[in-house]
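Worksheet for the structure shown next.
A short reminder: the numbers here are calculations on the coordinates, not readings from a lab. Since this is a predicted model, take the numbers as computed values, not measurements. Quick reminder, even Gly has a Cβ in these numbers, built from the backbone with ideal geometry, and neighbours come from all protein chains shown.
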C-alpha cells in the first residue's frame, strides 16, 4: 500500500502550527513574516509623522482682551480702548478720572451706534431699537 504523503510533498504535512518547517519553504515563510512586520512598522511610523505635520497648532487662550469702555461718571464721560484681563468684573477704573465707573460699550450692528446698555439681559440700540447688538471691541 502506498502512503498518502511522499517526502517531497511536505507542505500539506506542515499546515498545523507547531510543525517543523525546513528548507527554502521555511526561509520564504520567515521572510514573508519579517516583510509584513516591517511594512506594518513603517506604516505606523509614517502615520505618526503625518499626524505631527498635519495636526492644527494648539490654540492658546489670550490672557487679555480689548474692550471699548465709557466712564459712566457724570463729570467724566471718557471713552477709551483698553486691554483687560479675562474674567475682569465691570465697572473698572476709568483711565481719565480713576473712578470705578468705566463700563464696556456695545455696538449696534444695524446703525453702528455705540452705547451703554440700560438692561443687559436684553440690550437694544437706543437709536434704532435693534436687538442686533454686541461688543464694541474689535474682533481678535
Put in order of increasing Cβ neighbours within 10 Å, starting from the fewest, 36, 92 give 36, 92
Listed with the fewest Cβ neighbours within 10 Å leading, 60, 131 appear as 60, 131
